[in-house]
Amino acid sequence: MANLTKRYGTRVAVDDVSFEVGRGEVVGFLGPNGAGKTTTLRILAGVLGSTSGSATVAGHDLVRASLEARRHIGYMPEAVPLYPEMRVVEYLRFRAELKLVTRSQRARFVDEAMDRAGVLEVANRTIDHLSKGYRQRVGIADAIVAKPPVIILDEPTAGLDPNQIRHARALVRELGREHTVVVSTHILSEVEACATRVLLIHHGRLVAQGATSDIRAMRQAVAVDVTVRGSFAAADQALRCTAGVASVEPLETTEPFARFRATFEGALSTEDRPGATERIVNAMVGAGLGVSEVRAYGGSLEDVFAALTQDPGDLE
Amino acid sequence: MRSFWPIYKREMFAFFVTPLAWVLIVAFLVVQGMHFFLVVDHFAHQVDITSDETPLAAFFGNTVLLYLVLFMLVPPMTMRTFAEERRSGTVETLMSGPVSTASVVLAKYAAALTTYVVMWIPTVLYVVILGRIGGLDGRAAASAYLGVLLVGAGYLALGTCASALARSQFVAMIWTAFALLALFIVGMGEFVTREGTLFHDVCVHVSVWGHMNDFASGLVDSRHLVFYGTLIVLPLFIATRAVEAWRWG
C-alpha cells in the first residue's frame with residue numbers, strides 16, 4: 001500500500017499512508033476514533049477507491065485487477081452489516097458462493113467457518129434474532145469462509161462483553177497462524193493482546209509503526225498515584241530525597257488516608273521506572289506510612305499519541 | 001458475471017421470504033380480478049357486438065387500470081434494491097467480494113423482473129377463460145403479454161436506477177412513482193398536442209398508453225421494441241455507474 005490518500009471534498013481522511021503487511025502477520029491498526037482507520041481498511045478491502053496512491057493485495061492491484069484482488073480478501077466492516085432475513089447458514093452459503101467457493105467445497109467451508117467463529121449453535125437462527133456478540137462472530141465467519149490469504153477486520157471487538165472480547169482476540173490470534181490479518185481498534189491493550197505489529201494512525205497520517213513490544217515500551221507510566229495511611233505532609237517530606245521523583249502533588253482523598261501523585265523525572269529511562277516506584281514505596285514504609293495502593297498513571301493510548309504527534313520520528 | 005447467480009438467488013429469497021412480494025402479488029391479483037370482472041361484465045351486456053374491440057384488447061389496452069396498478073406496484077418492488085443495502089451497510093460486504101458492479105445491478109434487476117413475471121402468471125387464467133367462452137386470437141394474447149413484459153421491464157429499470165441514486169428507500173419510491181407518472185403524462189400529450197409538430201411525435205413515441213393499445217391488438221411495432229430496449233438499458237447503465245461512483249464518493 002503506497003502513498004494512499006483519500007479526500008472527501010476538502011477534508012483529507014487518509015493522508016499519504018504507506019505500509020506493507022507480510023504473510024502471516026497480525027497487524028493492529030491503532031488510532032482514536034475518526035483517525036482514518038476505517039477509511040484505510042475500506043480502501044484495502046476494495047470497497048472504496050483512493051484519491052491517489054495504490055494498493056496491492058497478494059500481488060493484485062486493487063484498482064487494475066480489482067476482482068482478482070478482492071478474491072484474496074475477507075473483509076468484515078465496522079458495523080457488521082448482515083441481511084437480517086436470512087438464517088446464519090443460508091447467509092454464509094450465499095457468501096461462500098459469492099466468493100467463488102466451488103459447490104463441492106461449499107458445505108465444508110461453511111461448516112468450518114461456523115465452527116471457528118463459534119456460531120454452530122445458532123446456524124439455523126435468523127440473523128435478525130441474534131445478539132450483538134453472535135452477529136459479530138457471523139461477520140468473522142463471513143470474512144474467513146472462503147479461506148482468503150488476507151483477512152481485514154474492522155473493530156472486531158466493538159460492542160462485545162469481556163468474555164466475548166477474550167474469545168474474539170483468541171480467534172484473531174489463531175487466524176494469524178494461517179492468514180495475514182489486519183485488525184483495527186482504538187484500544188491499545190487490544191493490539192497488545194493479538195497483534196505482532198502495530199500501525200498507529202492519527203488524523204489520517206501514519207504516525208508510527210513497529211513491533212507491538214516497541215509500542216508497549218512507549219506506554220510507560222509518567223507518574224504513580226500512591227495512597228498511604230497518614231498525612232500528605234509526612235509523605236511529601238519522605239519523598240524529598242527519593243531519587244527519580246521530580247515532583248509530588250496531593251490528590252483528593254478521605255481521612256485517614258493521604259493520596260498523592262509522584263511524577264517521575266523526565267530523564268528516567270524505562271528500565272529505571274520500576275526501581276523508582278520501589279524507592280517511593282520504601283520511603284513510605286520507612287516513614288511509617290502504610291501503603292494501601294500504588295497505581296501507575298499515564299501510558300494510555302492518548303499519552304502515546306501525545307508523545308508521538310509532538311515528535312513523530314521518535315519511534316524509528 | 002459469476003456473481004450474478006448467487007446475488008439473483010439472494011434477491012429472490014429476500015423478495016419471497018419477506019411478506020413484500022406476497023403482499024404485492026395479492027394486491028395485484030385482487031385489482032386485476034376486479035378489472036377482469038368489469039371488462040367481462042361490460043362485454044356481456046354489450047348489445048352491439050359488431051364492434052371490433054375484443055375483451056382481450058380491453059383488458060390490456062385502452063384502460064388506465066393497467067398503469068394505475070403498475071404505478072403502485074413497481075416503486076415498492078424496486079425501492080429496496082440498492083437504497084436498503086446502502087442504508088444497512090450490506091453493500092459494503094457485497095462489494096468487498098469478487099463481484100462486478102454490472103453483475104450486481106443485473107442480478108437485482110433480474111430478480112425484480114422475475115417477481116413481476118410471477119405476478120402476472122395467474123392472469124393467464126383470464127385469457128384461458130376468455131378463450132373457452134368466446135374465440136381468442138392467440139397471437140394477440142402473446143403480443144399483449146409481450147407488451148406487459150416490456151412495460152414492466154422498462155418501469156423496473158427506472159425503479160432500479162432510482163434506488164441506486166437515492167439515499168433512502170422512501171426517496172427511491174417517490175422518485176420512481178414520479179418518473180413513471182411523468183412518462184405516462186408525456187405520452188398523454190399525444191391527445192392534446194397538435195398533430196404534425198415535433199412535440200406531438202415525441203409524445204406518440206413515448207406513449208406507454210399507445211404502445212399497450214398496439215400490443216393488446218396484436219401489433220408488434222419495432223419502434224416500440226427500440227423504445228423499451230432504451231428504457232431498460234439506459235437506466236440500468238446509469239444505475240451501474242451510480243453504484244460504481246459510491247466507491248469513489
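Each reported figure results from applying straightforward, stated rules to the coordinates on display, with no laboratory input. Not measured: the values here are computed from a predicted model. Because the Cβ atoms are built from the backbone with ideal geometry, glycine has one as well, and the counts that use them run over all protein chains shown.
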Whole angstrom only: what separates the Cα centroid of segment A:42-69 from the Cα centroid of segment A:252-288? 52
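Please report the net charge: other residues with Cβ closer than 11 Å to the Cβ of B:GLY210, K and R +1, D and E -1.
On the way: positive: B:ARG223; negative: B:GLU190, B:ASP214, B:ASP221.
Result for the neighbourhood of B:GLY210: -2.
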Need one word for segment B:53-112: rounded, prolate or oblate. Basis is the Cα gyration tensor (sqrt eigenvalues a ≥ b ≥ c); a/c below 1.5 gives rounded, then a/b vs b/c decides. prolate
Total formal charge among the other residues, if their Cβ is under 14 angstrom from that of A:ARG259, Lys/Arg +1 and Asp/Glu -1: -3
For segment B:4-247, state what percent of all Cα-Cα pairs lands in each successive 5 Å bin, counting from 0 Å until the bin that includes the largest distance. 1, 6, 13, 17, 17, 15, 12, 9, 5, 3, 1, 0, 0, 0
Theoretical FRET efficiency, 1/(1+(r/R0)^6), r = Cβ-Cβ of B:PHE237 and A:ALA170, R0 60 Å, to 0.05: 0.80
Using helices alone, what [θ] at 222 nm do you get for chain A, with -39,500 (n - 2.57) per DSSP H run of 4 or more residues, divided over all residues and rounded to the nearest 500? -11000 deg cm²/dmol
Take A:LYS132, A:LYS147, A:LYS99 and order them by how many other Cβ atoms sit within 10 Å, fewest up front. A:LYS132, A:LYS147, A:LYS99
Helix B:65-78 against the longest principal axis of chain B: what's the angle in degrees, Cα atoms only, rounded to the nearest 10? 10
Out of A:LEU120, A:SER184, A:THR157, whose Cα points farthest toward the positive end of the dipole of chain A (charges: +1 Lys, Arg; -1 Asp, Glu; placed on Cβ)? A:LEU120
Under the rule that an exposed site lies in a DSSP loop and has at most 16 other Cβ atoms within 10 Å, name the longest stretch of chain B with no GluC sites (Glu not before Pro) of that kind, not counting the sites themselves. B:54-194
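Would you kindly give the portion of the calculated P(r) for chain A that falls above 30 Å, as a percent of all Cα pairs?
Values: 23030 of 49770 pairs.
When every Cα pair of chain A is considered, 46 percent fall beyond 30 Å.
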Helix-only [θ] at 222 nm, chain B, -39500 (n - 2.57) per DSSP H run of 4+, per residue, nearest 500, equals -26000 deg cm²/dmol
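Fewest Cβ neighbours within 10 Å first, please rank B:THR63, B:THR197 accordingly. Mind dumping the intermediate values first?
Numbers: B:THR63 18, B:THR197 10.
Placing the least packed residue first, the sequence is B:THR197, B:THR63.
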For segment B:163-187 and segment B:76-117, write down the distance between their C-alpha centroids in whole Å. 17
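Net charge around B:SER96, counting only other residues with Cβ within less than 12 Å of its Cβ (Lys, Arg = +1; Asp, Glu = -1)? Please report the intermediate quantities before stating the final value.
Working: positive: A:ARG42, A:ARG70, A:ARG71, A:ARG95, A:LYS99, B:ARG247; negative: A:ASP142, A:ASP154, B:GLU92.
Value of the local net charge: +3.
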Would you please calculate the Kirkwood hydrodynamic radius of the protein assembly as shown over all C-alpha pairs and express it in Å, rounded to one decimal? 28.3
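For a Förster distance of 41 Å, can you work out the FRET efficiency between the beta-carbons of A:SER231 and A:ASP161, rounded to the nearest 0.05? Write out the running numbers ahead of the final one.
Values: r = 42 Å, r/R0 = 1.03.
According to the calculation, E is roughly 0.45.
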Find me the longest stretch of chain B that has none of the exposed trypsin sites (Lys or Arg not before Pro), where exposed means in a DSSP loop (not H, G, I, E or B) with at most 16 other Cβ atoms within 10 Å. B:3-166
Just need the relative contact order of chain A here, percent rounded to a whole number, with Cα pairs under 8 Å and 6+ apart. 19
Calculate how steeply helix B:19-44 sits against the longest principal axis of the alpha-carbon atoms of chain B, using the helix alpha-carbon long axis, and give the answer as 0 to 90 degrees to the nearest 10. 10
Debye calc, one equal point scatterer per Cα of segment A:50-153, no solvent, log10 I(q)/I(0) at q = 0.23 1/Å comes to -1.17
What is the angle, in °, between the Cα long axis of helix B:101-120 and the longest principal axis of the Cα atoms in chain B? Nearest 10 is fine, range 0 to 90. 30
Considering the zone a paramagnetic label at B:ASN62 would reach in this model (a point 7 Å from Cα along the Cα-to-Cβ line), which residues of segment B:187-224 have amide N under 16 Å from it? B:209-219
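Restricting to chain A, compute how many DSSP beta bridges are antiparallel as a %, nearest 5.
Details: 35 of 53 bridges.
Roughly 65 percent of the DSSP beta bridges within chain A come out antiparallel.
Looking at the protein assembly as shown, send over the antiparallel percent of its DSSP beta bridges, to the nearest 5. Working shown, then result.
Values: 35 of 53 bridges.
For the protein assembly as shown, the DSSP antiparallel bridge percentage is about 65.
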